[in-house]
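Data block below; observations after.
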Amino acid sequence: KASTARVVIDLDVPGPAISRHLYGHFAEHLGRCIYGGFYVGEDSELPNEGGIRLDVVEALRALAIPNLRWPGGCFADEYHWQDGIGPKADRPSMVNTHWGNVEENNHFGTHEFLALCELLGAEPYVNGNVGSGTVREMSEWVEYLTRDGDSPMVRLRKANGRDEPWRVPFWGIGNEAWGCGGNQRAEAYADLARQYATFLKDHGDNKLYKIAAGAGDDDLRWTEALLKAVSCLGCGREPKNIFQAISFHYYTVAGTWEHKGSATDFGLDDYYRTIAKAQDIERVIRAHSSLMDAYDPERKIGLVLDEWGTWWDVEPGTNPGFLYQQNAMRDALVASVHFDVFHRHAERLVMANIAQTVNVLQAMLLTDADSGALVRTPTYHVFEMNKGHHDAVSVPVHVIERPEAYAVDDHAMELVSASASVKDGRGLVSLSNLDPEAGLEVILDLRGVEVQGVVGRLLTASSPQAHNTPASLGAVAPVELPVNPASRGTLAVTLPPHSFATVTLTL
Ligand code: AHR
């Protein structure tokens, strides 16, 4: 039996701007994300430009990817950028100790990454190496990438075939410094971040937005140590040119780290626990934000969630170090729930990066290792359907009538999730019916602006376990959603169980 919900949206009450960078991505040298995903090499039979797979680029361009974080992750803290420049035959190889202990030949390096960003139309977010690198190494990488004119690193870049500097707006100072990035203590890392940041220079008009490696989940002690290092509350001397943002990571792990569960073979209990865990991101963002408000009431320091997404057991028969997992309708709903939360907290949350774009964790795209077939995942479709929120202004959404929340452990899991924004005479409403068993009749009560036209789109499937494969590319794909006028100023939509929908409004 269908439940009902009434959703009031104040289209004329502007909230915080939703940075397009909340729809950012992450690509690590991990499993088949770079090699076999983005990069197939120039000799591949698959259409490519400089080794970069063109159908992957085309699929991702449709998402208007705003930024791409690279080269890790944990890999970032063992990556030495000078090994990845110059003629490929001369590049030394290394062992990727974090991910499968495989040999990394460094054929995809700085130039290839920047070429990929250019093809995608995405802004680069480079994550430097603090754990096993040096201040000099990181500072020279910035010089190599962004300096114009003449200097040792500029001459090296030109010798490698690139005259013009690139624009690199985002820079990460290490990754998970409390763990794979060096097992550091919060205060020790905070001091290192200040030191590294000092030598990451703005060359010419390239202004770096420097991001300190932040907490795992709700480790507020870590965040507070970084805030103390940068905010100068009571420090007496304003620190100059330090970092502009603090990151944190939050993964939707519904089971334990040892037994995370299958991406496609799960029961209702697992489903509920997963959605509840995804919704809990709001508590974690609130906790970080309110701590940041205490140190930085003017909200000058950004909060960056530069790794998020579902993390399941790897697909049977695949390398456990490659983190290759399928992606089902349930994952799409995890994504839609996150985006609603991101939109509500866009004042402090300035960037988010899904982990990871191709073939790793909650990917947009899966490439078949044998045939090369390209599969768009259900999560891909949520990113595409929500594209209209990029750089839009969020507006308040009040779910004033909704089905009763479902109790999962000590958490009340809401069965409806929604958010909305306006931009350039258009409104975009995102709606999720998280009930895996019952449909939902939604009345959209749109206030403040007259609506001239509507277009509805729906993403659902036969079950929360449904997913796309090379043999069934469109098992989960968006279709048209009928939107009917109800009483004056309201619209009615019917959402099937476990579904995501968008309603675009012409205002
Ligand atoms: O995304 C996979 C890994 O998860 C990243 O390398 C690391 O930062 C995190 O622990």
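The values are calculated or read from the model by the stated rules, or taken from the named source; none is laboratory data. None of these values were measured; they are calculated from a predicted model. Note that we place each Cβ from the backbone using ideal geometry, even for glycine, and neighbour counts take in every protein chain shown.
Key figures
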{"quantity": "Residue check, V135 more than 30 Å from R221 (Cβ to Cβ) and not basic (K, R)", "calculated": "no"}
{"quantity": "Residues that are aromatic (F, W, Y), within 16 Å of the ligand (Cβ to nearest atom) and assigned to a loop (DSSP other than H, G, I, E, B), drawn from the stretch 177-215", "calculated": "W178"}
{"quantity": "Exclusive hit being of a type in the set (D, E, K, R) and either within 11 Å of the ligand (Cβ to nearest atom) or buried (at least 18 other Cβ atoms within 10 Å of the Cβ) (or both), set E42, E28, E49", "calculated": "E28"}
{"quantity": "Residue check, D43 charged (D, E, K, R), touching a Lys or Arg at 6+ places or on another chain (Cβ under 9 Å) and assigned by TED's automatic domain parsing to the domain that holds L119", "calculated": "no"}
{"quantity": "Residue check for L114: in contact (Cβ under 8 Å) with a residue 60 or more places away in the chain and part of a helix (DSSP H, G or I)", "calculated": "no"}
{"quantity": "G267 vs. criteria surrounded by fewer than 17 Cβ atoms within 10 Å (Cβ to Cβ) and over 22 Å from the mean Cα position of the chain (by Cα)", "calculated": "yes"}
{"quantity": "Qualifying strands (runs of 3 or more DSSP E) (wholly inside the stretch 1-81; at least 1 residues being within 13 Å of the chain's Cα centre (by Cα))", "calculated": "24-26, 67-70"}
{"quantity": "Positions within the stretch 237-262 being β-branched (V, I, T) and either outside any loop (DSSP other than H, G, I, E, B) or under 17 Å from W171 (Cα atoms) (or both), in sequence order", "calculated": "I242, I246, T252"}
{"quantity": "Subset of the stretch 52-81 (residues that are within 16 Å of the ligand (Cβ to nearest atom) and either among the small types (G, A, S) or outside the structural domain of W99 (by TED's automatic domain parsing) (or both))", "calculated": "G72, G73, A76"}
{"quantity": "Total residues in the stretch 1-25, condition surrounded by fewer than 23 Cβ atoms within 10 Å (Cβ to Cβ) and farther than 30 Å from H249 by Cα", "calculated": "11"}
{"quantity": "Among (1) surrounded by fewer than 19 Cβ atoms within 10 Å (Cβ to Cβ); (2) at pLDDT below 95, the one test that A254 misses", "calculated": "(1)"}
{"quantity": "Residue within the stretch 279-289 that is in contact with a Lys or Arg (Cβ under 7 Å, 6 or more places away or on another chain), in a helix (DSSP H, G or I), over 12 Å from T252 (Cα atoms) and at pLDDT 95 or above present", "calculated": "yes"}
{"quantity": "Residue in the stretch 461-495 that is nearest to T274 (Cα to Cα), counting only those that are at pLDDT below 95 and of a type in the set (G, A, S)", "calculated": "A486"}
{"quantity": "Sole residue being within 16 Å of the ligand (Cβ to nearest atom) and touching a residue at least 24 places away in the same chain (Cβ under 8 Å), chosen from G121, G84, G109, G100", "calculated": "G100"}
{"quantity": "Spans of strands (runs of 3 or more DSSP E) in the stretch 344-401 with at least 3 residues within 16 Å of the ligand (Cβ to nearest atom) and not acidic (D, E)", "calculated": "349-355"}
